[in-house]
Structures are given as C-alpha cells and as structure tokens.
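Asker: Below are the structure tokens for one structure; questions will follow.
The values are calculated or read from the model by the stated rules, or taken from the named source; none is laboratory data. Here the structure is a predicted model, which is why all the values come from computation and not from measurement. Neighbour counts run over all protein chains shown; Cβ positions are idealised from the backbone, glycine included.
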Amino acid sequence: MYRMPVLLLVCTVFVAAIEARAAAADAAPAASPAPEASPLSALPYTPGLDPHAMDPSADACVDFYQYSCGGWIKANPIPADQASWSVYGKLQTDNQRFLWGILASLADPSRQRSASERLIGDYFAACMDETAVQKRGAAPLRGWLALVERMHSKRDLPAVLSALQLASGSGEMFFDFSADQDFADATQVIAFAGAGGLGLPDRDYYTRDDAKSVALRQQYRAHVAHMFELLGDTPAQSQRNADTVLRIELALAQASLTLVERRDPQNLYHKLDARGLQALTPGFDWNAYLHHLGVGALDSFNVTEPKFFQALEQLWRTESLADLKTYLRWHVAHQAAPYLSAPFVNANFEFYSHTLRGVPELPPRWKRCVRLVDRQLGEALGREFVQRAFSAELKQKTLHMTQQIEQAMQDDLEQLTWMSSDTRQQALEKLHGIANKIGYPDKWRDYSTVRVRRDDFFGNVISASLFESHRLLAKIGKPVERDEWQITPPTVDAYYDPQMNDINFPAGVLQPPLYDPAMDDAPNYGNTGGTIGHELTHAFDDEGRQFDAHGNLRDWWTEADAAEFNHRAQCVVDQYAEYTVVDELKINSKLTEGEDIADLGGLVLAWMAWKAQTAGAAPQPRDGFTPEQRFFIGYAQWACENTRPDQLRVQTLTDPHSPGKYRVNGVMVNMPQFARAFSCRVDQPMAKQTPCRVW
Ligand SMILES: [Zn+2]
C-alpha cells in the first residue's frame, strides 16, 4: 500500500508500527480500555516539559530515563488496541482523532465540498460503512482469485503478477519492483527490482531456530491455513496449502539479505541492463512483465539483491504451477484481508497484532479508516490538517531552529580534530547542500484520477492503490522530483533522505508536547532541537556518510578519516550491544548503529545551538530545575513509553531504533554536559570515564 525508497532513514519512530515503541517490559502495566472514542475539534495541549511525568524518587544519575519518564510510564498504561504506548504514539492518536473530526464532517454529502474534500469524505464514509463491507463478505476477492486460477502455464506469471502487484502496491508477491534514484546519479530515477515475497516481518523469522521463533512459525502456518479455509478450501487442503506457502517463503527468506546487510548501500547496488536482468532469471519474461506494468521497455535496472533473483528463478523452475498459484492465492487474501468482512479482518488481526505483537483488541473502525485515508490519500487529508493545525509562524520558528542547528554542525565540523581538511571540505559541502523541508509539501498531490464511490470500499482501496503504483512507476527514466515528501503532514515522525540530501519535518511532529511554543527554549531545544540534530546527523552516520552532497553513492573520505570515523562509531556499537531489551534479547547494535549515532550527534548539536541562542542570558530556573536540567529532561520526555514484551521482540529483530530507555540513557552517559548539569559522579551509572563521541 505504501512503498518507501530503499534507503530512506525514517527516524524517531518506525512508521510501519507507529504505535510500536519500547520500554522495560516489567514496567509495562496490563491492558487498559482504548482511549475515549470521540473525534476532537482541536488538538489537546500537553506541556513540552511536564514535571508530573517524572519520578522524583528516582536518581537522575542512576537511571535518567526513569527519573524523567517514571510518572508518565505509571500514568499511561498501554491501550488495549496498541502494541505500545508512547509520547509519540499518544500525539499520533490525538492527530488521528482530530482527523476523524475533519473526515466525519467532510463525509456529509449535504454540505458544500471541494473535489478534494469530496474525495476523502466519501472514501471515509465508504470505509465506515461496516454493514456494506460485511454484506459483501469475500466477494471483492473473486476477480483477483480468478485471475490466479486462470493461469494455464508459468508463462502467464508475468501478466498475473504485474496485475496483482499494481493492485496491492506492495512488494509482498515474490519480489518488489519500484522506482528510485540511481545510487550513482541521484538526479535520475530508474527501476529497482528487490527482494520481497514474505508474509512474516523479516527473513530472520524463517531462519531463527530458538523456541520462540519455531513456535511463531507454527502459529503463522496455522494462520495461513485458516485464511485458505476462509477462501473455501477444505481443512485438509488448507493444511497442505499452508505447507506450500511456508516452503516457498522459506526459500525466498534464505536468499534475502539480513537487515544489517541491507544497511550498507554497497550491498544493494547492482546495475543491470535489460539483457543482464533477463540472463539472471531466464525463465521469466521481463518484457512481458514490464509491458503489463505499463512502463514499456526499460534498459536500466538496479537489482538490489541479485542472489535473491537467482533463487527466484530456481524456485519458479522447480515448483509446480499449482503450488505457485497456492502461494499467490495466499498473498491475495493476505493483502486484501484488512478491507474485507469481519472473519478476514479478525483473522488478520489475530495473527499479526495479537500473536505477533501481543495487542489484545482490534483498533476501532474509525481509527483504521483514518489511518487508511492518511496512507492512501494522505496529501488531500494532510492539506486539511495543515490548514487547521500549522501556522506560518510555527514554520518560521522551526526553520530558524533548523538553521541554528546547521550552524552548530558547521562549527562542529570546523573544530573536529580527527578529520583532515580534504574530507572536512567535502563534509561542509554536503552540509550546505542539505535542503530543509518543514511542515508540508509546497505542491499538493493531485488525486483527481482516483475513483471513489460511497458504496464500494474495496474498489476505492484498489483504485487508490493503482493510482499510487502508476504514479511511482511513471517516474522511471525521468529526472527526480525534489519537492516530494515520503510521509504525510499529520505524521508524528521525521526523516533524512541520503539521496535527496534533505531533512523533512512534517507538521504532525511540530506540535506540543514535542515542540511547545509556550515553553522556554531549554526543553524545546532538547526535544525538537535534538530531533533536528538527529536527522542532520544521519547525513553523516555510517550509512549516510557514503553519499555525497549531491546524493550520489561516492566515497569522499580519505582512508585515514574513514578509519577514524569507524573507530568512533565502534565505541557506540560496543556500548549499545550491552543493553538487554527483553528476556535473552539484547540490542542488535549493528542494526541500530545509524540511529544511535544520530541520537548522540543530534543532542550534541542541539546543545551547541541552544548555548549559542541563549549566550549571555541569565539562567532562569523553572519548576525547580536549571535551564541545563530542563534541556535534558525535555529531551528525555519525548521518549517516554510502555511496550508489550511481544512487541519488544518484534522491534529487536526489525527496528533500527533502540528502545526509548536506551535512546535516553545511552546518550546521557556520553555527554559530560549532562553529568555537570545533575552533578553526577563519574562512578555513577549515568556517567562514563571515556564517553563515545562521533560528531
Ligand atoms: Zn533516525
């Protein structure tokens, strides 16, 4: 439904599981009822620094996360429809309730509506009409399943696969095909063929042999079988089908790179012409496939994982046509399940949210519908959000803060002792090349070709999905469009894109309690300043540093400077590798390396910018804290969270971010400014004899 560029560094939180963050498992209270189900007509105010969210009984020098967030953790049990609960998740839910109010009013056909308002209003109305959805049952799937059934030979695969991929807009059927910037020439968009085809969150779920993973695969197998029964297969046939699906997906998983391997862009760049691609998979007619996708003949591809396509060729050759059809039927049902009647929705929820992440209750329909409008028609909805919740003044203020933090990065680069002047010059050029995008896109997306009917929810989902697939594929062979955004304006998140060399802060993340215009500078610089610094630092983390000022994958480092960088980055990797997340699972710090470096660098830059901003001002204590203390508490309080243990396991395997506790404490131990602000002794847990420092 929504496809991110291969290398996008989506930050602070993990978009796919936006309500999915982590905290100490034993601190997570049991389920509480879902938040009050009513739309909001205005966003509620929560202060950017809240003394009540703290735990005064904790020692700031022993566990600063508990000290800053203990009160919040206690007062905010995880709602029954969430895998976790956090300051970010809570704000995202507030934004959703606000959007609900907007959509409910735009859904009223008797009022005067613009074309764009009518589009999202009618889409929402169709989605909310549960009775109609219920009545249609599995009927909307029939045409898609028939397409699979009608395959007479494997030669039909390119035509059928392209139709299914376009309609689902996902890379979950055998492989992923999309448009992205050429790693070597960021001004050009080319076709990308990548690994995909899995029903579990990552390839490691198929290959790990610990008891939990083995049990989870059994539960997944049962879920797949259940879905076949919902399609009308007999129980015995459904069991056999599930075995087939698991066998095929295991083969795809084994041929896929790990998430850590995927963090190195060099592992993902293999440029091939049409002949080279055809030679990789001789049995698959790429010309036919591209023709049916509607992109015509192409001669430039990045095959991100060539070994995966070799395995795919082998699989297509050895598996029977009947078994390939079985695999496709599962993925058709799986992709469509959230938009069908209750048996499909519930089965999908039961495995993916309850079993996998420990969520007790299905989110209410309004929430699922708001999220869907945001995902499918996000800029039309985002435009409404921006009009009501984001001012030009706020945009100006955050732009100013961003420029100050960029100035701090320049000062930092100029002062670095370990970098040679050649590399420094290139680093400065890259810094000066970064584009700042704040709030919302300058040009709104035109959805006028999406067909929306109030009585056809499933048809609307397909229409919006096709629109998005064709919109992305149409970019192939054209110069890159620099004003586009990869996340929608109401999203509570931010990102750095190494190929665009831009940082992006949507309106949704520039709201209290994250950015609070009513607060003093200290917590705002700690919180939002820290986030801006975090995104900026991504341009220079272990992955981002491999791209130059123009977004090209090009090594601009001298060998000695690269060695100095790696030495400093390793300090962070070693530090985070010691942190336990849940049970026996520790942080996979090669996966979280870039985020951990960005957290540390980000707060160092925010500190420098804040000190420059307030130079000469007399310190004004507030709520009993010095400005320095408020800076750090403000930082910590973005990260307060509670997470279910099952969700913690998913995150440890798949999320490049460390849990909130370590995103706070792991940074504090590396900042001597923190120890000074709270008078911590060097033998206390929140201080370190030899702190890590990359940037
Ligand atoms: Zn990040």
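Asker: Write out, first by first residue and then by second, each pair whose Cβ atoms fall under 8 Å of each other, whose residues are 6+ apart or on separate chains, and whose first residue, in region 492-521, is within 15 Å of LEU394 (Cβ to Cβ) while the second is of a type in the set (Asp, Glu) and away from the ligand (no atom under 15 Å from the Cβ).
Answerer: PRO513/ASP50
Asker: Report yes if some residue within region 457-472 is in contact with a strand residue (DSSP E or B) (Cβ under 8 Å, 6 or more places away or on another chain), surrounded by fewer than 19 Cβ atoms within 10 Å (Cβ to Cβ) and touching a residue at least 12 places away in the same chain (Cβ under 8 Å); otherwise report no.
Answerer: yes
Asker: Please determine, by comparing only the residues of region 662-673 that are aliphatic (A, V, I, L, M) and outside any helix (DSSP H, G or I), which one is nearest to LYS74 (Cα to Cα).
Answerer: Once the filter is applied, the top-ranked residue is VAL669.
Asker: Residues that are at positive phi and away from the ligand (no atom under 16 Å from the Cβ): which helices (runs of 4 or more DSSP H) entirely in region 474-577 hold 3 or more of them? Show your work before the answer.
Answerer: On the way: elements: 521-524, 530-538, 559-577.
Qualifying helices (runs of 4 or more DSSP H): none found.
Asker: Another question about this same structure. When the residues of region 646-691 are narrowed to those that are among the polar types (S, T, N, Q) and touching a Gly at 6+ places or on another chain (Cβ under 9 Å), which ends up farthest from the ligand (Cβ to nearest atom)?
Answerer: GLN647
Asker: As an exercise: evaluate LEU585 against (1) under 26 Å from VAL492 (Cβ atoms); (2) modelled with pLDDT under 95 and give the number of the one condition it does not meet.
Answerer: With (1) under 26 Å from VAL492 (Cβ atoms); (2) modelled with pLDDT under 95 applied to LEU585, the lone miss is (1).
Asker: Return the pairs, sorted by first residue and then second, in which the second residue is more than 10 Å from the ligand (Cβ to nearest atom) and in a loop (DSSP other than H, G, I, E, B), the first residue lies in region 587-601 and is among the hydroxyl-bearing types (Ser, Thr, Tyr), the beta carbons are less than 9 Å apart, and the residues are 6+ apart or on different chains.
Answerer: Qualifying pairs under 9 Å: SER589/GLU578; SER589/TYR579; SER589/SER658; THR592/ASP655; THR592/SER658.
Asker: While we're looking at this one, here's another question. Out of all the residues in region 76-97, is one or more surrounded by fewer than 18 Cβ atoms within 10 Å (Cβ to Cβ), within 27 Å of LEU381 (Cα to Cα) and touching a residue at least 12 places away in the same chain (Cβ under 8 Å)? Lay out the reasoning, then the answer.
Answerer: Kept after step one, since they are surrounded by fewer than 18 Cβ atoms within 10 Å (Cβ to Cβ), are these residues of region 76-97: 77, 80.
Subsequent filtering for residues that are within 27 Å of LEU381 (Cα to Cα) retains 80.
Add one more test, that the residue is touching a residue at least 12 places away in the same chain (Cβ under 8 Å), and what stays is 80.
Checked against the condition, which is being surrounded by fewer than 18 Cβ atoms within 10 Å (Cβ to Cβ), within 27 Å of LEU381 (Cα to Cα) and touching a residue at least 12 places away in the same chain (Cβ under 8 Å), region 76-97 yields at least one hit.
Asker: Restricting to region 421-452, give me the number of residues that are surrounded by 14 or more Cβ atoms within 10 Å (Cβ to Cβ), among the small types (Gly, Ala, Ser) and over 30 Å from ASP122 (Cα atoms).
Answerer: Residues meeting the conditions: 2.
Asker: If you go through region 237-251, how many residues are over 30 Å from the mean Cα position of the chain (by Cα) and either crowded, with 21+ Cβ neighbours inside 10 Å or in contact (Cβ under 8 Å) with a residue 12 or more places away in the chain (or both)?
Answerer: Total meeting the criteria: 5.
Asker: Right, GLU641: within 30 Å of PRO201 (Cβ to Cβ) and within 15 Å of the ligand (Cβ to nearest atom) or not?
Answerer: Working: within 30 Å of PRO201 (Cβ to Cβ): yes; within 15 Å of the ligand (Cβ to nearest atom): no.
Against the criterion (within 30 Å of PRO201 (Cβ to Cβ) and within 15 Å of the ligand (Cβ to nearest atom)), GLU641 does not qualify.
Asker: Quickly run through region 593-644 and pick out the residues that are modelled with pLDDT of 95 or more, within 30 Å of LEU416 (Cβ to Cβ) and not in a helix (DSSP H, G or I).
Answerer: THR626, TRP638, ALA639
Asker: Residues in region 428-439: is at least one in contact (Cβ under 8 Å) with a residue 12 or more places away in the chain, part of a helix (DSSP H, G or I) and β-branched (Val, Ile, Thr)?
Answerer: Within region 428-439, not a single residue is in contact (Cβ under 8 Å) with a residue 12 or more places away in the chain, part of a helix (DSSP H, G or I) and β-branched (Val, Ile, Thr).
Asker: Of the residues ALA16, ALA60, ALA20, ALA24, only one is at pLDDT below 95 and more than 16 Å from the ligand (Cβ to nearest atom); which? Can you show your working first?
Answerer: Numbers: ALA16 fails: more than 16 Å from the ligand (Cβ to nearest atom); ALA60 fails: at pLDDT below 95; ALA20 fails: more than 16 Å from the ligand (Cβ to nearest atom).
That would be ALA24, the only listed residue that is at pLDDT below 95 and more than 16 Å from the ligand (Cβ to nearest atom).
Asker: Specify the residue that is surrounded by the fewest Cβ atoms within 10 Å (Cβ to Cβ); the eligible residues are those in region 559-577 that are free of Cβ contacts under 8 Å to residues at least 40 places away in the same chain and of a type in the set (Gly, Ala, Ser).
Answerer: Checked region 559-577; the qualifying residue surrounded by the fewest Cβ atoms within 10 Å (Cβ to Cβ) is ALA563.
Asker: Take region 298-345 and flag every residue that is among the small types (Gly, Ala, Ser) and buried (at least 17 other Cβ atoms within 10 Å of the Cβ).
Answerer: Filtering region 298-345 for residues among the small types (Gly, Ala, Ser) gives 300, 311, 320, 322, 333, 336-337, 341-342.
Across region 298-345, the qualifying residues are ALA311, ALA333, ALA336, ALA337, SER341.
Asker: Show me the helices (runs of 4 or more DSSP H) entirely contained within region 127-220 in which 2 or more residues are under 24 Å from the mean Cα position of the chain (by Cα).
Answerer: Details: elements: 130-136, 142-149, 157-168, 204-207.
Filter on region 127-220 gives 157-168, 204-207.
Asker: Has region 645-661 got at least one residue that is hydrophobic (A, V, I, L, M, F, W, C), assigned to a loop (DSSP other than H, G, I, E, B) and in contact (Cβ under 8 Å) with a residue 40 or more places away in the chain?
Answerer: First, the residues of region 645-661 that are hydrophobic (A, V, I, L, M, F, W, C): 648, 650, 653.
Subset that is assigned to a loop (DSSP other than H, G, I, E, B): none.
Within region 645-661, none of the residues are hydrophobic (A, V, I, L, M, F, W, C), assigned to a loop (DSSP other than H, G, I, E, B) and in contact (Cβ under 8 Å) with a residue 40 or more places away in the chain.
Asker: Another question, if that's okay. Can you name the residue in region 578-596 that is surrounded by fewer than 19 Cβ atoms within 10 Å (Cβ to Cβ) and more than 19 Å from GLN266 (Cβ to Cβ) and, of all such residues, is nearest to the ligand (Cβ to nearest atom)?
Answerer: TYR579
Residues are listed down the side, and each one gets a yes or a no for (1) of a type outside the set (Phe, Trp, Tyr); (2) touching a helix residue (DSSP H, G or I) at 6+ places or on another chain (Cβ under 6 Å); (3) under 21 Å from CYS692 (Cα atoms):
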residue: THR531; (1), (2), (3): yes, no, yes
residue: HIS534; (1), (2), (3): yes, yes, yes
residue: THR537; (1), (2), (3): yes, yes, yes
residue: PHE540; (1), (2), (3): no, no, yes
residue: ARG545; (1), (2), (3): yes, no, yes
residue: ASN552; (1), (2), (3): yes, no, no
residue: GLN570; (1), (2), (3): yes, no, yes
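Per-residue answers, yes or no, for (1) among the aromatic types (Phe, Trp, Tyr); (2) under 26 Å from LYS90 (Cα atoms); (3) touching a His at 6+ places or on another chain (Cβ under 6 Å):
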residue	(1), (2), (3)
ALA615	no, no, no
PRO619	no, no, no
GLY624	no, no, no
GLN629	no, yes, no
PHE632	yes, yes, no
CYS640	no, yes, no
PRO645	no, yes, no
LEU653	no, yes, no
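Asker: Search region 158-176 for residues that are closer than 15 Å to THR281 by Cα and pair each with any residue that is acidic (Asp, Glu) and at pLDDT 95 or above when their beta-carbon atoms are under 8 Å apart and the residues are at least 6 apart or on different chains.
Answerer: So the pair list comes out as PRO158/ASP285.
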